[in-house]
Each structure stands twice: as structure tokens, then as C-alpha cells.
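Structure, as C-alpha cells:
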Amino acid sequence: MEEVVAWLQSGGCAAKVVTAENGKRHIESNAQGTPFNVFAPGCQGGRCASIEIVAAFATNGKFDISQLNKWNSETAWCKAYYDSVNDPCLDMDIGLWPGGTFESLNDQFVTWNSILDNFIAKYSLQ
């Protein structure tokens, strides 16, 4: 996780490892003014085969969740869903193994930022 923090920081993002109440660690970061979290499921021996980037938007349950199926059918690489109070979330899984490189991670982060921008603009989330 520390390598991912350093990578995010080298790209100009604020990033830090935090520990949730359940004891699991994740990264809090920010892209273009939008906060997001990075989770690393299934790590073994300090190495992670993938990361998951998630941005969640508080709309106080006023988001029309019927829009998300259309978004998911038209958008590659990221999935959108709603949480328990009908607030939208955007999620991207990035495989790091086998053979993941920082160059590949950079390319995928460009994709994340582009899709995140489109999602925010389409649904007026900021």
C-alpha cells in the first residue's frame, strides 16, 4: 500500500494510508478535487494482485438510481452502483499481477480520471 501511496503522490495526488474501524487498511486520496479510496483486496506477504478505486458521492438519497444500468451498459472499465441510501459510487478494479508496471498503472489512472470526470459531469455530482 505504501508503494501505491508513493505512486499517487508522485502524480500530484494527496494520499495516505488509513485504518478503518474494522482494522483493514486502505488509501484515501483525491483526484481533481474528488476524494476517492483505494482498496487492496487479497494481499499476501505485503504484495497485492489488484487494487480497487472507489469514489462515492453523497446526494442524500436524491440520486435517480435507474440511470446506473444505462451508464454501466455504455461505459467500459468502471462500474457504477448505489449504496444503501441510494447514493452513487464509481468503482474501477486494476490488476497488478502478473507483470503490472507503473506505466500500465499510469495509463489506467488516466482512464479512471477520464471516466470519473464524465460520471461527475453527466450526473451533476459536484
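Return yes or no: is residue 52 out of contact with any Asp or Glu (no Cβ under 6 Å at 6 or more places or on another chain), acidic (Asp, Glu) and over 13 Å from residue 123 (Cβ atoms)?
Numbers: out of contact with any Asp or Glu (no Cβ under 6 Å at 6 or more places or on another chain): no; acidic (Asp, Glu): yes; over 13 Å from residue 123 (Cβ atoms): yes.
Judged against the criteria, residue 52 is not a match.
Can you tell which of 71, 77, 97 is in contact with a Lys or Arg (Cβ under 9 Å, 6 or more places away or on another chain) and either without any contact (Cβ under 8 Å) to a residue 40 or more places away in the chain or more than 22 Å from residue 27 (Cα to Cα) (or both)? Working first, answer last.
Values: 77 fails: in contact with a Lys or Arg (Cβ under 9 Å, 6 or more places away or on another chain); 97 fails: either without any contact (Cβ under 8 Å) to a residue 40 or more places away in the chain or more than 22 Å from residue 27 (Cα to Cα) (or both).
Result of the check over 71, 77, 97: 71.
Among the residues making up region 50-67, those that are at pLDDT 90 or above and of a type outside the set (Val, Ile, Thr) are 50, 52, 55, 56, 57, 58.
The rows are residues; the columns are (1) of a type in the set (A, V, I, L, M, F, W, C); (2) out of contact with any Pro (no Cβ under 7 Å at 6 or more places or on another chain); (3) within 22 Å of residue 5 (Cα to Cα); (4) modelled with pLDDT of 95 or more.
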| site | (1), (2), (3), (4) |
| --- | --- |
| 20 | yes, yes, yes, no |
| 41 | no, yes, yes, no |
| 46 | no, yes, yes, no |
| 92 | yes, yes, yes, yes |
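If the condition is being under 16 Å from residue 89 (Cα atoms), more than 17 Å from the chain's Cα centre (by Cα) and part of a loop (DSSP other than H, G, I, E, B), then region 31-71 contributes 59, 60, 61, 62, 63, 64, 65, 66.
Checking each residue in region 22-34 for being loosely packed, with under 14 Cβ neighbours inside 10 Å, polar (S, T, N, Q) and modelled with pLDDT of 90 or more picks out only 22.
For residue 5, state whether it is of a type in the set (A, V, I, L, M), part of a helix (DSSP H, G or I), at pLDDT 90 or above and surrounded by 12 or more Cβ atoms within 10 Å (Cβ to Cβ).
Numbers: of a type in the set (A, V, I, L, M): yes; part of a helix (DSSP H, G or I): yes; at pLDDT 90 or above: yes; surrounded by 12 or more Cβ atoms within 10 Å (Cβ to Cβ): yes.
Against the criterion (of a type in the set (A, V, I, L, M), part of a helix (DSSP H, G or I), at pLDDT 90 or above and surrounded by 12 or more Cβ atoms within 10 Å (Cβ to Cβ)), residue 5 qualifies.
Among all positions in region 72-80, there is at least one residue which is on the phi > 0 side of the Ramachandran plot, surrounded by 11 or more Cβ atoms within 10 Å (Cβ to Cβ) and either in a loop (DSSP other than H, G, I, E, B) or in contact with a Cys (Cβ under 8 Å, 6 or more places away or on another chain) (or both).
When residue 102 is tested against (1) under 20 Å from residue 13 (Cα atoms); (2) at pLDDT 95 or above, only condition (2) is not met.
Of all the residues in region 8-30, those that are over 17 Å from the mean Cα position of the chain (by Cα) and under 21 Å from residue 96 (Cα atoms) number 1. Every listed requirement among (1) over 23 Å from residue 8 (Cβ atoms); (2) surrounded by fewer than 18 Cβ atoms within 10 Å (Cβ to Cβ); (3) touching a residue at least 60 places away in the same chain (Cβ under 8 Å) is met by residue 123 save one, (2).
The values are calculated or read from the model by the stated rules, or taken from the named source; none is laboratory data. Worth saying up front: this structure is predicted, and the values here are computed from it rather than measured. For neighbour counting, all protein chains shown are included, and Cβ atoms are generated from backbone atoms with ideal geometry for every residue, glycine included.
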